[in-house]
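Below is one structure, written out as structure tokens; comments come after it.
Values quoted throughout were computed directly from the atomic coordinates according to the rules given, and no laboratory measurement underlies them. The structure presented is a predicted model; accordingly, all values stated were derived computationally and were not measured. Note that we place each Cβ from the backbone using ideal geometry, even for glycine, and neighbour counts take in every protein chain shown.
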Amino acid sequence: MSTTRAVEAVFRIESARIIAGVARIVHDVGIAEELAQDALVAALEQWPVSGIPDRPGAWLTATAKHRAIDLVRRKETYARKLAEVGRTLEDVPAPEEPADPEDIDDDLLRLVFTACHPVLATDARIALTLRLVGGLTTQEIARAHLSSEPTVAQRIVRAKRTLAKAAVPFEVPYGADREQRLASVLEVIYLIFNEGYSATAGDDLVRPALCEDALRLARVLTGLMPREPEVHGLCALLEFQASRIPTRTGPDGEPVLLADQNRARWNRLLIRRGVEALHRAGSGPYSLQAAIAGCHAAAVRYEDTDWAAIAALYGRLVLLIPSPVIELNRAVAVSMAEGPEAALPLVDALTEEPALRSYHLLPSVRGDLLERLGRGPEARAEFLRAASLTRNARERDLLRRRADAL
């Protein structure tokens, strides 16, 4: 069982890189994912006998790539295509212009842009990339995107088929094509980071590997597209959020609320990077969220937080992106700036929102407001409801403790 858990843990961390590396060989993300799964099965069969290799991620990658090469070799038209490629290369003169200085040798970024191809609907791009790059389960994607599991599963299957049928190249695009796909790429990176920052399910509140992958992709994008303000806005947001990760959990993995975090342990280097990126950001959605995160980073103590500024920024943000989740966040800021009595009507107005019916943070926020208003029994009921809705064990324990305290 320990070996099986080790295999699953390594695959969870390395799956995106494995799929990306194999996709470069087979030029089909669906087949690449299947070959990665084959490597996982091979590890489950062999590692209990041979032991866990010194570099398990490299073992899985090599196994998947070997199977990809075998698959290519087995194709009946492989030899003919290889000859055609050779003749084509001989007929094409050497390029007169140097290689594009923006070219990036990063399979993972290629995988993101391929999954975000405009041949797919926006929801399909996001679901597929979260699956391939983020390594998320269908359940986690559905939870993160406030959708049903069957719907997400169908999107992923259809997306793979569509990419294969359209013969979408495995590449980082240039020019107008890159601009067209940027919004989806930014949203996908943002959602991947969020899943790592606050896991929707499982025993861990934080999954740092996902945050690191998302932050790395965001940094690469800033080098790739230095004149895009929203790329810098997203990068600034992730830098600020990542700076707090070490303080979000206690010694035993239990959640630590923002008010109780040791701000002396916040990563000052990441905060400085966030400030630098924010200076190059604009006024779009990610830039506004980065400004909100920057307000938290600038407060030496929780009591010094400029909640009025944060509430105003959320007000601007909801005009750009009408969303009940953003409205809920604004209500929290209003409660801190003006008191819980000013925020409770805002939260109550969201209780009929269909998208928030199974969203555990709605009753959690409402419970907090009711507790601050001295309405203990009602607050306890809300915390218990929130605990029943979350699939994250750490959050569930915290919510139950808050209910028990009442």
Measure nothing but the geometry: give the 0 to 90° angle between the long axis through the Cα atoms of 393-404 and the longest principal axis through the Cα atoms of the chain, rounded to 10°. 10
Could you line up PHE170, PHE383 from fewest to most neighbouring Cβ atoms inside 10 Å? PHE170, PHE383
Exposure proxy order (Cβ contacts within 10 Å, fewest to most) of TRP307, TRP59: TRP307, TRP59
Gain upon complete extension [SER283, SER323; 0.36 nm per residue less C-alpha separation]: 12.6 nm
At the level of C-alpha centres, the distance separating the stretch 32-63 and the stretch 157-194, in angstrom, is 28
In Hz, Karplus ³J(HN,Hα) per residue of the stretch 278-289 (6.51, -1.76, 1.60; θ = phi - 60°; x = Gly, Pro): 5, 5, 9, 7, x, 10, x, x, 5, 5, 5, 5
In range of the label at HIS66: residues from the stretch 7-42 whose backbone nitrogen is under 12 Å from the point 7 Å along Cα→Cβ: 39, 42
For ASP54 and ALA183, compute 0.36 nm times the residue count separating them, minus their Cα-Cα distance, and round to one decimal in nm. 42.5 nm
Hey, with R₀ at 35 Å, roughly what FRET efficiency would ALA405 and GLU276 work out to, going by the Cβ-Cβ distance, to 0.05? 0.25
When the chain is fully extended, how far beyond the present Cα-Cα distance does ARG396 get from VAL256, taking 0.36 nm per residue of separation? 49.1 nm
Convert each backbone phi in the stretch 240-254 into a coupling constant with the Karplus relation 6.51 cos²θ - 1.76 cosθ + 1.60 (shift: θ = phi - 60°), then list the ³J(HN,Hα) values in order as whole Hz, x for Gly and Pro. 4, 5, 5, 4, 9, 4, x, 9, 7, 10, x, x, 9, x, 6
Within 10 Å, count the other beta carbons around each residue, average over each peptide in 338-344, 61-67, and list them highest first. 61-67, 338-344
